[in-house]
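The values are calculated or read from the model by the stated rules, or taken from the named source; none is laboratory data. From a predicted model like this one, the values you see are computed outputs, not experimental measurements. With ideal geometry, Cβ positions are generated from the backbone for all residues, glycine too; neighbour counts draw on all protein chains shown. All accessible areas refer to the heavy atoms of the entire protein, side chains included, with ligands and DNA or RNA removed. Shrake-Rupley method; radii C 1.70, N 1.55, O 1.52, S 1.80 Å.
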Amino acid sequence: MNIQKDWSKQEIFSQIREWLVSQGYIIVDEDESRPWGGFFVIDEGQIETFRKQFFSEVAFSDFQLQNKLSPKILLVGPEKRLSWQYHHRRAEVWKLIGGEGGIVRSDTDQEGVMIPMVMQEVVKLRQGERHRLVGRENWGVVAEIWMHTDPENPSDETDIVRVQDDFQRK
């Protein structure tokens, strides 16, 4: 995947959309309105294909496989940052699959240093671990799976606790 840092948001979304479709994925939702970039949500029925392509080295428990895993492709713009956040009802697994990205993580509300993500290296974020995806000089394209931790109340977009946000979102 050849990502150009000077691509507009519309160009990067178009390129990634075309690539996902060429890989056989069904996009069930997309959001390019996020101030940091946006995401594509892949059909949950394609989780096995998604897992094999992006997370074949990650072991999943029977419990995790029985729950929705919310496969997504995140796009973070150059020099943009997602909120400094954590989740009560999920852990996450990320992998940089294109461009450049960085990650900040900590067990407390105090931010650590940004560590460059390594292409194709799995990043496991624990439930409650503070984290932030960071765009570097180029767009970052990251595959993501949610690992729900509460069977009675699976995680969703409301399960975001923002500690700090560059865009003043709550």
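For the residues Q46, Q23, Q66, Q53, the requirement of being open to solvent by less than 50 Å² (accessible area, probe 1.4 Å) and either under 27 Å from E152 (Cα atoms) or touching a residue at least 12 places away in the same chain (Cβ under 8 Å) (or both) singles out Q46. Residue-level analysis places F60 among those that are of a type in the set (A, V, I, L, M, F, W, C) and in contact with a Leu (Cβ under 9 Å, 6 or more places away or on another chain). For first residues located in region 71-87 and within 20 Å of D159 (Cα to Cα) and polar (S, T, N, Q), partners that are open to solvent by less than 10 Å² (accessible area, probe 1.4 Å) and modelled with pLDDT under 95 and lie 6+ apart or on another chain with Cβ distances below 6 Å do not occur. Among the residues of region 3-20, those that are touching a residue at least 12 places away in the same chain (Cβ under 8 Å), in a loop (DSSP other than H, G, I, E, B) and open to solvent by 50 Å² or more (accessible area, probe 1.4 Å) comprise Q4, K5, W7. Restricting attention to region 130-143 and to residues that are open to solvent by 10 Å² or more (accessible area, probe 1.4 Å) and not basic (K, R), the residue that is farthest from D62 (Cα to Cα) turns out to be E137.
Across region 75-118, the number of residues qualifying as under 16 Å from I145 (Cα atoms), open to solvent by less than 10 Å² (accessible area, probe 1.4 Å), among the aromatic types (F, W, Y) and touching a Lys or Arg at 6+ places or on another chain (Cβ under 6 Å) comes to 0.
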